[in-house]
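These notes are about the structure you will find just below.
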Amino acid sequence: MQRYDFKSIEKKWRKNWKDSPIQQNTSSKPKYYCLDMFPYPSGTSLHVGHWRGYVLSDVLSRHKVLQGHHVLHPMGWDAFGLAAETNAIKKAIHPAISTEENVASMKRQLNEMSTIYDWDFEINTTDPAYYKWTQWIFARMFEHGLAYEQEMPLNWCPNCKVVLANEEAVGGVCERCKQPSTKKNLRQWMLRITKYAERLLQDLNQLNWPEKVKKMQTDWIGKSHGAEIDFAVAGSNAKIKAFTTRPDTLCGATFMVLAPEHPLVAQLTAAPQQAQVEAYVKRSATRSNVDRMQDKEKTGVFIGTNATNPLTGQDMPIWVADYVLADYGTGAIMCVPAHDERDFEFATKFGLPIVQVISADGKQSPLDEAFIGDGVLINSDKFNGMAVAEAQAAVAAHLEAQGIGKTTVNYKLRDWVFSRQRYWGEPIPIIHCESCGPVVVPDKDLPVMLPDVESYMPTDTGDSPLAAMADWVNVPCPKCGQAAQRETNTMPQWAGSSWYFLRYPDVNNDNALASPDALKNWLPVDYYVGGIEHAVLHLLYARFYTKFLYDIGVVTFEEPFSTLFNIGMINYNGRKMSKGEGHGVSPDDVLPRYGCDALRLYEMFISPPEMDCEWDDSGIEGVSRFLNKLWRMVEAPHIIATNPELTRQKHLMIHDISQRLDNMSLNTVVSGFMTHVNAMQDLAKTHGGLPADNLEALAILLAPFAPHMAEEIWERLGHKESVFLQTWPKYDAAMLKSDTVELALQINGKLRGNIEVPADMGKDDIIAAAREQLADKLDGMEIVKSIYVPGRIVNFVVKG
RNA sequence: GCCCGAGUGGCGGAAUGGCAGACGCGGUGGACUCAAAAUCCACUGAUGGCAACAUCGUGGGGGUUCAAGUCCCCCCUCGGGCACCA
């Protein structure tokens with residue numbers, strides 16, 4: 001018995017596909033743009049966890065080809081950024097060289113997996129011809145006031161020696177190295193993503209994305225409705241602006257708290273309190289974000305000055321405390337201890353007055369914790385008796401009439417810290433001139449090439465390594481010609497990946513990031529496959545970029561990715577696979593033993609594609625055995641004429657596989673192949689062979705999953721053209737029906753037997769037959785009710 | 001603390017409210033073989049029974065229903081997200 005020789009067969013078809021690609025450039029077919037999140041080549045090889053997504057997108061792409069689409073399924077390299085730079089530093093080679101090596105290695109792997117990536121459409125974010133356009137987009141953002149410089153306390157990772165965007169410092173921890181971040185005052189380039197907050201929120205509705213990702217983005221954007229209120233300060237002209245979502249509780253506001261970084265702290269602090277306040281502010285500034293978050297008890301200092309409650313006229317002592325965040329709302333809050341847990345805790349600790357203004361039953365009652373629930377207003381003068389919702393509008397309207405408040409909305413989303421103090425990134429195309437200020441590099445001078453430096457190591461000072469390159473830094477101002485200096489910070493890794501999907505259809509264009517025709521023909525992306533880890537990073541940034549490019553007329557759509565699929569992670573021995581730590585399974589080890597088809601099939605069989613799962617070395621044995629079994633079935637050269645039973649089997653198979661594929665239940669597609677091949681084998685035994693018809697259908701269905709074997713089967717059946725030039729088979733619903741059906745027989749819902757009846761038998765006859773069959777068990781029982789579910793069960797409800 | 005998910009054999013997992021455990025891994029026994037590999041056949045949720053079969057069984061407790069892994073309520077455990085956002 002000949003074992004399936006995957007080595008030579010897979011090699012043969014890889015060569016054939018290279019010589020005559022399975023897709024011609026046929027623009028008459030409907031387009032399908034299927035995209036993977038491109039890898040960052042920080043290590044030399046991909047592990048089987050990465051492959052899960054790449055196999056999935058390849059399966060979908062090949063399926064679409066068979067369904068008559070013209071498919072764009074490209075691949076590229078997100079090669080700038082910290083990961084690549086860190087890897088290069090570790091190996092003590094220039095990041096450009098290590099990146100190139102890693103790209104070559106990963107590309108070899110992708111080709112060995114027989115992915116249908118068309119390398120004519122390859123991109124690399126570190127290619128000057130590519131980053132020219134990354135810089136071009138930045139230039140447009142600068143011109144439109146979306147890119148600006150600011151000195152502010154930013155998340156700083158002392159380990160990576162780099163500032164972090166809020167999205168990269170979640171939980172006060174560096175997204176990359178997981179070390180605690182601190183705050184550092186630095187001049188940075190910022191992108192005004194907050195200007196797009198509302199659109200980024202609203203347009204989520206139109207996306208066919210996992211609800212989980214939409215929810216994560218919604219929470220990240222964090223919209224809340226409320227009012228902004230001006231509080232007068234005793235003995236000062238200054239006003240403190242505070243945002244609140246509960247204007248209805250204003251009469252219960254008994255004190256105010258300013259964030260330590262609030263600009264009015266210094267100005268409003270009374271002389272006797274000065275030393276204490278300064279010490280507190282200084283202490284807050286130096287603590288790490290993790291420490292601040294882990295505080296169990298609230299801390300704060302009275303600044304010695306009072307504000308006035310605009311409704312009650314009462315004094316409100318002003319405190320400074322770090323539980324108020326400087327960069328949300330106005331950095332100052334009115335505190336209503338009776339109805340806010342944090343304010344309650346603070347007031348209790350420092351002995352501040354607590355005044356109840358909301359009550360569930362309209363009566364005042366002693367509070368031993370903040371009352372958050374709904375109710376009516378009390379202790380609130382003319383607002384007494386109003387319901388919360390009503391009072392929110394009424395108080396806001398009252399304040400607005402007085403000119404001391406207005407209704408407003410707030411977002412948690414912050415502007416995007418866009419500069420990095422690192423070498424391996426796109427230079428920011430700005431020249432600093434003493435007379436003209438920051439001047440954007442003219443388009444004709446793009447790209448601003450990343451220069452070769454002697455030392456690309458990060459510095460402790462927060463300066464980019466580029467700052468030491470006097471020759472590169474010192475240039476004339478493009479506006480006035482005076483001596484000026486280049487911006488030495490570089491862009492974050494996200495810059496190149498925020499628009500790369502626009503470039504693929506037109507990778508060689510030197511006059512535009514892509515031609516309008518190419519964009520019109522291919523965008524937006526129909527199907528986007530990648531991990532959940534980019535839910536609020538890359539996916540939010542890419543949406544922002546797309547909306548901006550829409551606004552300036554570069555693209556004609558507002559959302560880049562119509563459908564998103566989150567591929568689950570594959571763990572190994574209970575831990576995440578990682579190329580850095582060498583913990584994982586390499587396809588390089590699997591391919592020589594089992595072949596590409598088996599690995600592809602196993603990647604899909606391992607678990608539902610959206611779920612995390614565990615790699616099992618022996619699991620691939622199963623699919624490998626299946627392929628061999630299938631091969632033996634095909635090799636048995638008994639082609640017979642079709643007959644109804646085998647025709648029905650064919651339609652059942654087409655139905656099952658097609659439907660499961662449409663539902664993205666790819667693990668059950670694979671088990672479906674196994675079940676149907678087993679069934680065909682049984683039928684082959686009874687009928688002395690199989691019709692060509694059945695095998696042809698099987699070959700086409702299998703082609704997206706195990707393309708080499710599918711081609712080989714197809715060829716053996718006497719076809720000269722590739723199986724991928726065929727059409728996905730259709731099933732006839734009428735053919736799925738069987739002559740007989742088996743029904744389960746139940747008494748009071750418990751299984752008591754089975755019965756096979758003709759498919760066209762009527763309800764009454766079936767119930768009678770079922771009664772007959774269960775006669776001994778029904779003896780002496782009174783049948784209260786007979787339930788018949790066609791094709792499924794007969795259930796007798798009995799008494800006695 | 002808040003917000004999402006998810007809990008099914010030894011394992012991965014399957015199941016439009018309708019026969020729980022498809023398919024695969026692993027295991028046991030057998031066939032073939034000098035032997036092994038490969039392959040094929042049978043069995044493989046638990047308990048009781050020689051057996052036919054019976055009882056129990058989808059994290060726990062209630063409920064709806066002729067019928068619940070699936071729907072509703074409460075609880076437990078695990079995973080993920082956010083975390084003083086006023």
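The values are calculated or read from the model by the stated rules, or taken from the named source; none is laboratory data. What you see is a predicted model; the values in this text were computed from it and never measured. Neighbour counts are summed over all protein chains in view; Cβ atoms, including those assigned to glycine, are modelled from backbone coordinates with ideal geometry.
Scanning the stretch A:491-536 for residues that are under 21 Å from residue A:220 (Cβ atoms), part of a loop (DSSP other than H, G, I, E, B) and modelled with pLDDT of 95 or more gives A:498, A:499. Can you confirm whether residue A:594 is surrounded by 22 or more Cβ atoms within 10 Å (Cβ to Cβ) and on the phi < 0 side of the Ramachandran plot? Against the criterion (surrounded by 22 or more Cβ atoms within 10 Å (Cβ to Cβ) and on the phi < 0 side of the Ramachandran plot), residue A:594 does not qualify. With respect to (1) free of Cβ contacts under 8 Å to residues at least 40 places away in the same chain; (2) crowded, with 19+ Cβ neighbours inside 10 Å; (3) basic (Lys, Arg), the lone exception for residue A:503 is condition (1). Scanning the stretch A:368-381 for residues that are exposed (fewer than 11 other Cβ atoms within 10 Å of the Cβ) and outside any loop (DSSP other than H, G, I, E, B) turns up just one, A:381. Evaluating residue A:209 against the criteria (1) touching a residue at least 40 places away in the same chain (Cβ under 8 Å); (2) buried (at least 18 other Cβ atoms within 10 Å of the Cβ); (3) within 16 Å of residue A:331 (Cα to Cα) leaves one unmet condition, (3).
Restricting A:712, A:742 to those that are in contact (Cβ under 8 Å) with a residue 40 or more places away in the chain and either within 16 Å of RNA strand B (Cβ to nearest atom) or surrounded by 14 or more Cβ atoms within 10 Å (Cβ to Cβ) (or both) reduces the list to A:712.
One line per residue, one yes/no per condition, for (1) closer than 30 Å to residue A:572 by Cβ; (2) near RNA strand B (Cβ under 10 Å from one of its atoms); (3) in contact with a Phe, Trp or Tyr (Cβ under 6 Å, 6 or more places away or on another chain); (4) of a type in the set (A, V, I, L, M):
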{"site": "A:621", "(1), (2), (3), (4)": "yes, yes, no, no"}
{"site": "A:624", "(1), (2), (3), (4)": "yes, yes, yes, no"}
{"site": "A:631", "(1), (2), (3), (4)": "yes, no, yes, no"}
{"site": "A:635", "(1), (2), (3), (4)": "no, no, no, no"}
{"site": "A:639", "(1), (2), (3), (4)": "no, no, no, yes"}
{"site": "A:682", "(1), (2), (3), (4)": "no, yes, no, no"}
{"site": "A:695", "(1), (2), (3), (4)": "no, no, no, yes"}
{"site": "A:723", "(1), (2), (3), (4)": "no, no, yes, yes"}
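When we screen A:705, A:673 for residues that are under 36 Å from the mean Cα position of the chain (by Cα), closer than 19 Å to residue A:599 by Cα and not in a helix (DSSP H, G or I), the only hit is A:705. Note on the stretch A:137-184: among residues that are charged (D, E, K, R), surrounded by 17 or more Cβ atoms within 10 Å (Cβ to Cβ) and within 14 Å of RNA strand B (Cβ to nearest atom), the one that is farthest from residue A:514 (Cα to Cα) is A:183.
Exactly one residue out of A:600, A:648, A:660, A:593 is more than 21 Å from the chain's Cα centre (by Cα) and either part of a strand (DSSP E or B) or near RNA strand B (Cβ under 9 Å from one of its atoms) (or both), and it is A:660. Within the stretch A:716-732, residues that are closer than 13 Å to residue A:702 by Cβ reach partners that are surrounded by fewer than 18 Cβ atoms within 10 Å (Cβ to Cβ) and aliphatic (A, V, I, L, M) with beta carbons closer than 7 Å, at six or more positions or on different chains, in the pairs A:717/A:692.
Residues that are without any contact (Cβ under 8 Å) to a residue 12 or more places away in the chain, crowded, with 16+ Cβ neighbours inside 10 Å, within 21 Å of residue A:577 (Cα to Cα) and out of contact with any Gly (no Cβ under 7 Å at 6 or more places or on another chain): does the stretch A:53-72 have at least one? No, the conditions are met nowhere in the stretch A:53-72. In the set (1) closer than 26 Å to residue A:113 by Cβ; (2) of a type outside the set (Asp, Glu); (3) in a loop (DSSP other than H, G, I, E, B), the condition left unmet by residue A:718 is number (1).
Quick one: how many residues across the stretch A:73-121 are of a type in the set (Asp, Glu), more than 28 Å from residue A:703 (Cβ to Cβ) and surrounded by fewer than 19 Cβ atoms within 10 Å (Cβ to Cβ)?
Taking the stretch A:73-121 as the starting set, the residues that turn out to be of a type in the set (Asp, Glu) are A:78, A:85, A:100-101, A:112, A:118, A:120.
Next, from what is left, pick out any that are more than 28 Å from residue A:703 (Cβ to Cβ): A:78, A:85, A:100-101.
Filter again for surrounded by fewer than 19 Cβ atoms within 10 Å (Cβ to Cβ), leaving A:100-101.
Going through the stretch A:73-121 one residue at a time, the tally reaches 2.
With respect to the conditions (1) more than 12 Å from RNA strand B (Cβ to nearest atom); (2) exposed (fewer than 11 other Cβ atoms within 10 Å of the Cβ); (3) not hydroxyl-bearing (Ser, Thr, Tyr), residue A:776 falls short on a single one, namely (1).
When you go through A:785, A:737 one by one, which is the residue that is more than 30 Å from residue A:597 (Cα to Cα) and either surrounded by 17 or more Cβ atoms within 10 Å (Cβ to Cβ) or modelled with pLDDT under 85 (or both)? None of the other options fit; the residue is A:737.
Please work out if residue A:363 is in a loop (DSSP other than H, G, I, E, B), out of contact with any Ser or Thr (no Cβ under 7 Å at 6 or more places or on another chain) and among the basic types (Lys, Arg). It is true that residue A:363 is in a loop (DSSP other than H, G, I, E, B), out of contact with any Ser or Thr (no Cβ under 7 Å at 6 or more places or on another chain) and among the basic types (Lys, Arg).
Among the residues making up the stretch A:68-86, those that are touching a helix residue (DSSP H, G or I) at 6+ places or on another chain (Cβ under 6 Å) and either at pLDDT below 90 or assigned to a loop (DSSP other than H, G, I, E, B) (or both) are A:73, A:74, A:78, A:79, A:80, A:84, A:85.
The residues of the stretch A:537-587 that are under 17 Å from residue A:493 (Cα atoms) and assigned to a loop (DSSP other than H, G, I, E, B) amount to a single one, A:537. Residue count for the stretch A:528-572 under the criterion of being within 16 Å of RNA strand B (Cβ to nearest atom) and touching a residue at least 40 places away in the same chain (Cβ under 8 Å): the result is 20. Of everything listed in (1) of a type outside the set (Gly, Ala, Ser); (2) in a strand (DSSP E or B); (3) without any contact (Cβ under 8 Å) to a residue 60 or more places away in the chain, the single unmet condition for residue A:32 is (3). Being part of a loop (DSSP other than H, G, I, E, B) and more than 14 Å from residue A:740 (Cα to Cα) is the filter here, so list the residues in the stretch A:754-774 that pass it. Once the filter is applied, which keeps residues that are part of a loop (DSSP other than H, G, I, E, B) and more than 14 Å from residue A:740 (Cα to Cα), the stretch A:754-774 yields only A:774. Of all the residues in the stretch A:227-262, those that are among the small types (Gly, Ala, Ser), within 10 Å of RNA strand B (Cβ to nearest atom) and part of a loop (DSSP other than H, G, I, E, B) number 2. The residue that is nearest to residue A:733 (Cα to Cα), among those in the stretch A:645-701 that are among the charged types (D, E, K, R) and surrounded by fewer than 16 Cβ atoms within 10 Å (Cβ to Cβ), is A:645. Can you tell me which residues in the stretch A:88-113 are of a type outside the set (A, V, I, L, M), within 13 Å of residue A:423 (Cβ to Cβ) and either part of a loop (DSSP other than H, G, I, E, B) or touching a Pro at 6+ places or on another chain (Cβ under 8 Å) (or both)? Answer for the stretch A:88-113, where residues must be of a type outside the set (A, V, I, L, M), within 13 Å of residue A:423 (Cβ to Cβ) and either part of a loop (DSSP other than H, G, I, E, B) or touching a Pro at 6+ places or on another chain (Cβ under 8 Å) (or both): A:94, A:99.
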